[in-house]
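Step one of this worksheet: look at the structure below.
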Amino acid sequence: MERQRCIECEEIELARVRDQPPSQTMPVPYQALDGFPAGRTPRDLTRRRLLQWGIAGSASIYGAHQLGWDQIWDSVANANEAENEKCLVLIYLAGGNDGLNVMIPTEAADYAAYVAARPEIHRAQGVTPANGRVGSTPLAGPGGGALAFANVVVSKNGGGDNGQARFNFAAGGDGYGLDTLYGDGTGGPGSDLAVLPAVDAKQYSLSHFDNSDIWFAASNDQNTKTGWLGRWIDRNGKPDNPLQAVSIDTALSKAIRTERNPVCAVPSLSMSGFTNNPGGAVGGGSSDLNGVISQLAGIQAGAGNAYLQRSRYTYGLAHTTYMKVKSLTTTPSPTPTPTATPVPIAYPNTGTLSARLKTAATLLAANLGTRVITIHWGGFDTHTGQLASQDRQMAEFSRALAAFRADLQARGIEQRVATLVFSEFGRRVRENGSGTEAGTDHGIGGLMFAMGSGVRGGFAADWPGCELRELQPVNSATQGNLQVATDYRSVYKAVLDEWLGEQNSQSLLGGPVVEDLRRGDQLTGRRLFK
Amino acid sequence: MDGGSVFGRKSAARKRLAAPRSLKVASVGPKGVTLKWAAPKGAKPAYYVVVRDGKSLGRTTRASFTDTTVKAGRTYRYAVRAYDKAKRAGALTPSRRVTVPKQTDVPTPGTPGTSNPAAPIAAVTPTPEIPSVPTPVATPTPVPSPYDTMTEAMVDRLFWRAGFGPTQAQRDAWVGKRHADLVEWLVSTPASIDTSMLAPKTAAGATTIDPLAGQVELELEWIDRMQRAVNPLPERLVLFWHRHWVISLNDGSVSNKWAYAYRNHLLRYSDLGAHPGATFRQLAYEMTTANAAMSSYLNLNANTKTRPNENYAREIMELFCLGPKDPAGNDNYTQEDIVGLTQAFTGWRLNGAEFLADKVTPNPDYGKITFDPKQFHMPAKTVLGRVIAAETGKTDATNPDNVNWGPRAVNAGVDIVLEHPQHAQFLIRKLWGEFMAGPIPQATLDALSAEYRANGYQLKPLIRGILLNTEIFESLEEPNLIKPPVVYMVGVLRALGAPVKGNVLQGPMNSMQQRIYNPPNVAGWEGGMSWLNTNTVQARFDMVKVAQSLRYSNGYYADANAAASYAPDVRGETAAEVLERAYASVGRPWISGATRAQLLAFAQTLTEANRTGTSAAAITARRQRFYALQAMILGGPDGQVM
C-alpha cells in the first residue's frame, strides 16, 4: 500500500466539494449495471423491485433540485438507447507528482543538469544498473531526443522495471506499461499515449489549496465554485441524469461540480461479499463465508415474523448481488483473434486505483449516460523518501492504466473513452534531503498524460529543459523550477474541442484567450486527439 | 435509505387489507383453543384464514375460531389473515402463542397411567359461543403466572428491547424473578457506568475522552455510555429522543459543543431513575427555549416578529408532537396554525459567537438562549382554534414583566399543541414501536393515553406501562424486531467484551446508515425495514470483524505480547465443541435450530490435519474457524433481530 501521510488526506479532501452536502442519495440497482430488463422500461425499477434485485452501490447526488426516481431512470434509459457518446476519465494524482522522475531528459546537457540537481534520486540512462538505480528508456519516435520513460513505468516485456518483485503486484501484466501505450510515438494507430511535460497554470501558486482550485475550476478567480467539466455538463448535459458525471469517491470532485445539472459520487460498486478476515493481528486468517451465509439466508422464518424473514432475505440478496456484481466488474475474457492468444487482463493489485478503474470500466460499459468519471489518487506529496513511494505508485499506475485500456477493449467500449491524467503541479528540480530520505519540494510544471485509441499519442507538449539557464528563477540551483511550457487551459481546450465536441470552449474556460496546445513533436493538425 | 431520499418520507399506501386487530386467545383447554379477533379497521373482509405454526387451519367468516385438533401439553402459535372478496390476502396479525395444558380429570385416552395430576387450566375466559367445552374446576390451585418467574428467554427479551443485550450476570440476577420487578428496576435505576468494564481509549491511547476535542471523541463518549451502562434503558431512551427531537451535525448549523449539550439535555428526560418526574411537556418547553442545537438547527434563533421563521413551529407539530394527519387521514393542523405558533415562539435569541471580540478568548455565553421582548410578536396569536392572549406594555427595561412574555407564550403554545386530541396517540404509537414488534392494541393505546393525559404527560409511567405490557414477549421463541444499527453495534461490542479504541467505529456506523449525532435530515432515521438493504447487511456482518480486532488484538494494550490477546487455540476440538465454545464466547444469543445445524456443518469442514496439527498454519486455521463462527452467530441474519 502506498505510503500515506496526513497531507495526502488533506490533498484529496481539498479536491472534494466540502461546502455543499449531497442533495439526495440514490441506490444504484444491480439491474442497471447489467442492462435494463427486457422491455426497457424503467418502471420496472420501482422501489419494490429494487429491493428484490439488490443494490450494487449508492450514489450521492449533487444537484440543484430533488429528482424523482422515475425521472432519473427514464433519463438513464434514454441515454442507454441513444448513440454512444465520447467519455472522459479524469485521473488526479494528488500531492504534486514529480514528473521529472517519470520523464527523464535525454539530451546530454539536460541530463547532466538533471544528475547534478538530483544526486540521490536521479535515474540512470539505459537498463537499470546493478546498484539498483532505476534506468530509463527513451521515448520512441520524435520524443526520444528530449525525454525517456523512467523504467518503473516501462513494462517488463519492454525491458522495464514495473514488474519487479519488490512491487509484489499480481501475476501477469508483463506486457503492461506506459511504453506499450506509447507505441511508436508518431500519433498514428497504436500510438495511444500522449506525454505532456511541464504543464501548469501560467499564473501559478505553490500552495496546494490555490492550485488545486485553479486546475479544478479552470479559473483564476477563487470565487468560482463550478468545475470546468461541471460547466460543460451544465451546458451540454441532461437535467435529470446524475450518472452523467460520476466521481468514484465518497464525495464529489470539484472538477465536475455544476451549478444546475445533477452529478453524483459513487464510492464503489464492488462489494466484498461475506468474508470474515480479522487476519494475523488476532492470530486468525480469512474465511469465505458466502456459502454458509447463503444457507442461513434460506432458512424459513416463522409465519408473521416479517423482520426475521426480511433479514434472511436481504442477506441472501446481498450474496446474490455480490456474485453478480463480481461477475460484472471482472473483465470479460478478451476475444481471441485469429493470430493472437488472448492475454488475461491483470490489474496490478486490488488497491485503490485498480478498484476505481474497474468500477469506472463497469459504469462506462453499463452505458448509463456517463460522460465524465473522476478518480482521485493520493500519495504524491513526496517531500521525503521519494523513491520508495513514487516508484511503487508509478509502477502501479503504469500497469493499472494499461490494464484499464485492455479492460475497456475487452468490453468493446475503448474507442469512445479517453483518459486524462494530471497533478496539481510538479516538483522542484533540485532534490532535498539525503540518502533514503531524499525527496523533492513543491515545484512547478506538472506532467500530464492522455490515453486512448482516440488520443493522438506521442510527444504532445514542449519540454522546456532543466539546465540551469532554462529554469525559473534563471540559474537558481536551489530554487529553480521548470518553465511552464504549456498552459493547462490549452490542454483543457483540446479535450473540450477535439474530444467532447464543445463548440465554444473559450466561454467555458473564461479568462484570457486560451492558446492552442503546441505539440512537442511539432506535428500540425489535431492537437491531442486523432 | 435515508428519510429524505428519492422515495420521499412515506411509502405509498398498500391496497391490501390490513391485519385483523386484537387477536386474543379466548379460551384454551385440552379440547380446543378458541381465538377471537376484530376486523381490520374500516374493512369488511369476505373471510378469515387461521394459521397455526405457519400452516392454514381453515377459514371462517366469523371473527372467532376454535381449533379442536390441539394436543395437551403442546405449544402452538396462531395468526389470522383477512381475505377480501377477490380472494386477495391481507396482512397477518402478530402471532399468539398458546400452551395447551394437560387436564387432570380427563386422562388422555388410550394411555392409562400417564395422566398428569398437575395443575389445571391456566387463563380461561368462558365464552358462550362454545358451550361444549367443559368449564374449568371450581377452585383452581393458583398457578404462578409465567410473568412472575421469568425464563431466560424472557429476561433476554427485556434486556434487548430495553437495552443492548443481556450479560450473564444480568441473566443470573433476573431469571426466575418477576417481569414487573425488572421493569421497575429499568425505569427506576439511575444511569451509571460499569467501571469494571474497560474504558475506551483515543487513537493515541489516552483514557480520558474529551467529547469536545473532535467528532470522533464526541461519538466515542456516547458509544461508551451505551456500552458500559449498568441500566441500559436511559441510553435506549436517549437514542429514541435523538431520532424524535432531531438535530444533526451534517449541515454545519450545530457545533459539537451544542450537540453534546443537546445529548445531555435529552439524558435528563431519559434517566427516569434520576428524574422520575420528567414530563414530555417540560421536554417540549425546554427544546423550544433552552436548547442551542435545536434553536440553530431549526432556525428558532432566526424567528423574530419582523421576520418570522416557520421551520420550528411546523416541525414541532408535524414531527415532534402531532404528525401531519390523524389515523383517519384528516389534517391535524393548518397553515394558519403554523403561523400562529411561529408568532408565539418569537424572540428567543441564540448567542452563536464562539469567541469574544479578540477572537481568542472563548465566549462564556456561547450557546446561551435569551428572550428579547423587542423581537416578540405581542398581539394575540391563534393556534388550533385557541387564543394566546396579547401582551401589552413597553418592550424595554422599564417594563420588568416583559421578560415573562416569551415563557408565557411558549407555555401556552406547547399546552395547546399537547392538548390536541391526536398528540397522545401519536407519541405513544411511536414509543410503542421502539420496544414492540406489533402495532399497539387499541385498548392499550386508550388506557395509556388516558393515564398520560391525566398525569400531566409524565414519561416514567408511560414507559413503565409499555414495558409491562406482555406483548413484549410476543414471538419469544423467534425474535421479531430489527435491531437498529447502533443497538446492534453496541450489542456486538458487549457480547464480545471488546474495549473500544480510536476511530474504528465511524466507518461501520456510516455503512450501516446510522451515525449518531448525524441523522440524514430532520425526520430522523426512517427505521424499520429501511435499516436492511444489501449494503447495510454487508456492513453489519463486517462490523463483527472490527469488534474482533478490538477484542483479540493487542491494539488496546499496545505493549502486550500480541499472541496473548488472541482467542485461545484448542487442539483436537471437535466441530460441536468449537461451536459451543464460540457460542459461549459471544454470550449465547438467540440463534435458530436450523442456523445452529448449518454452523455445525461449517465447523465440520475443517480438515483433520488442521484440526489436530501442531503447525502454525493449523493453529491459525483452527483459530480462524472459531472467529468465523463468532462472525456468523453475531453478524448473520439471526443476529439482526431481538
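The values are calculated or read from the model by the stated rules, or taken from the named source; none is laboratory data. All values reported here derive from a predicted model rather than from experimental measurement. All Cβ positions, glycine included, derive from the backbone under ideal geometry; neighbour counts span all protein chains shown.
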**Fill in**
Scanning the range B:384-430 for residues that are on the phi > 0 side of the Ramachandran plot and either under 27 Å from the mean Cα position of the chain (by Cα) or in contact (Cβ under 8 Å) with a residue 24 or more places away in the chain (or both) gives B:LEU384
**Message:** Can you tell me which of (1) hydrophobic (A, V, I, L, M, F, W, C); (2) surrounded by fewer than 19 Cβ atoms within 10 Å (Cβ to Cβ); (3) within 8 Å of chain A (Cβ to nearest Cβ); (4) touching a residue at least 24 places away in the same chain (Cβ under 8 Å) is the one B:ALA631 doesn't meet?
**Reply:** (2)
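Residues are listed down the side, and each one gets a yes or a no for (1) assigned to a loop (DSSP other than H, G, I, E, B); (2) facing another protein chain (nearest Cβ under 8 Å); (3) at positive phi:
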residue	(1), (2), (3)
A:ARG260	yes, no, no
A:GLY284	yes, yes, no
A:ILE293	no, yes, no
A:LEU296	no, yes, no
A:ILE299	yes, yes, no
A:ALA303	yes, yes, no
A:TYR307	no, yes, no
**Prompt:** Taking helices (runs of 4 or more DSSP H) that do not extend beyond the range A:99-217, which have at least 2 residues that are of a type in the set (D, E, K, R) and touching a residue at least 40 places away in the same chain (Cβ under 8 Å)?
**Reply:** none
**Request:** Take the residues in the range B:76-90 that are touching a strand residue (DSSP E or B) at 6+ places or on another chain (Cβ under 8 Å) and of a type outside the set (D, E, K, R), then tell me which one is farthest from B:GLU478 (Cα to Cα).
**Result:** B:TYR83
**Asked** Is it true that A:ASN84 is modelled with pLDDT of 75 or more, farther than 30 Å from A:THR224 by Cα and in a loop (DSSP other than H, G, I, E, B)?
**Response** yes
**Request:** Would you check if there is a residue in the range B:608-617 being closer than 27 Å to B:GLY205 by Cα and within 10 Å of chain A (Cβ to nearest Cβ)?
**Result:** no
**Message:** Can you name every one of the helices (runs of 4 or more DSSP H) wholly within the range B:455-537 that holds 2 or more residues which are surrounded by fewer than 21 Cβ atoms within 10 Å (Cβ to Cβ) and within 12 Å of chain A (Cβ to nearest Cβ)?
**Reply:** B:506-512
**Message:** Regarding the range A:82-93, can at least one residue be identified that is among the small types (Gly, Ala, Ser), farther than 30 Å from A:VAL429 by Cα and buried (at least 21 other Cβ atoms within 10 Å of the Cβ)?
**Reply:** no
**Fill in**
Flagged in the range B:508-553 as of a type in the set (Ser, Thr, Tyr) and under 12 Å from B:ILE482 (Cβ atoms), in numbering order, are B:SER530, B:THR536
**Request:** Confirm whether B:ASP224 is assigned to a helix (DSSP H, G or I) and either surrounded by fewer than 18 Cβ atoms within 10 Å (Cβ to Cβ) or out of contact with any Phe, Trp or Tyr (no Cβ under 9 Å at 6 or more places or on another chain) (or both).
**Result:** yes
**Message:** Can you find a residue that is more than 13 Å from every other protein chain (Cβ to nearest Cβ), in a helix (DSSP H, G or I), farther than 23 Å from B:ALA498 by Cα and not polar (S, T, N, Q) anywhere in the range B:593-600?
**Reply:** no
**Complete:** Output for Cβ contacts, cut-off 9 Å, separation at least six or different chains, first residue assigned by TED's automatic domain parsing to the domain that holds B:LEU300 in the range B:315-333, second at pLDDT 90 or above and of a type in the set (Ser, Thr, Tyr), reads B:ILE316/B:THR288; B:MET317/B:TYR333; B:GLU318/B:TYR333; B:LEU322/B:TYR333; B:PRO324/B:TYR333
**Asked** Any residue in the range B:170-177 that is β-branched (Val, Ile, Thr) and either modelled with pLDDT of 95 or more or farther than 25 Å from B:ARG228 by Cβ (or both)?
**Response** yes
**Asked** Do we find that B:ALA284 is in the same structural domain as B:VAL403 (by TED's automatic domain parsing) and assigned to a loop (DSSP other than H, G, I, E, B) in this structure?
**Response** no
**Fill in**
A careful count of residues in the range B:222-254 that are touching a helix residue (DSSP H, G or I) at 6+ places or on another chain (Cβ under 8 Å) and closer than 28 Å to A:ASP19 by Cβ gives 10
**Asked** If we scan the range B:569-586, do we find a residue that is buried (at least 16 other Cβ atoms within 10 Å of the Cβ) and within 10 Å of chain A (Cβ to nearest Cβ)?
**Response** no
**Item:** Of all residues in the range B:160-194 being β-branched (Val, Ile, Thr) and crowded, with 16+ Cβ neighbours inside 10 Å, the one that is farthest from the chain's Cα centre (by Cα)
**Value:** B:VAL175
**Prompt:** On the given criteria, is A:PHE209 among the aromatic types (Phe, Trp, Tyr), modelled with pLDDT under 85 and surrounded by 15 or more Cβ atoms within 10 Å (Cβ to Cβ)?
**Reply:** no
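Residues are listed down the side, and each one gets a yes or a no for (1) modelled with pLDDT of 90 or more; (2) in contact with a Phe, Trp or Tyr (Cβ under 6 Å, 6 or more places away or on another chain):
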residue	(1), (2)
A:SER287	yes, no
A:THR321	no, yes
A:THR329	no, no
A:THR339	no, no
A:ARG371	yes, no
A:HIS383	no, no
**Prompt:** Does A:ARG489 meet the test of being touching an Asp or Glu at 6+ places or on another chain (Cβ under 9 Å), outside any strand (DSSP E or B) and not small (Gly, Ala, Ser)?
**Reply:** yes
**Asked** Can you name every residue in the range B:540-569 that is in contact (Cβ under 8 Å) with a residue 40 or more places away in the chain and among the polar types (S, T, N, Q)?
**Response** B:GLN548, B:SER549
**Request:** Please determine, by comparing only the residues of the range B:538-558 that are at the interface with chain A (Cβ under 9 Å from one of its Cβ atoms) and among the hydroxyl-bearing types (Ser, Thr, Tyr), which one is surrounded by the most Cβ atoms within 10 Å (Cβ to Cβ).
**Result:** B:TYR552
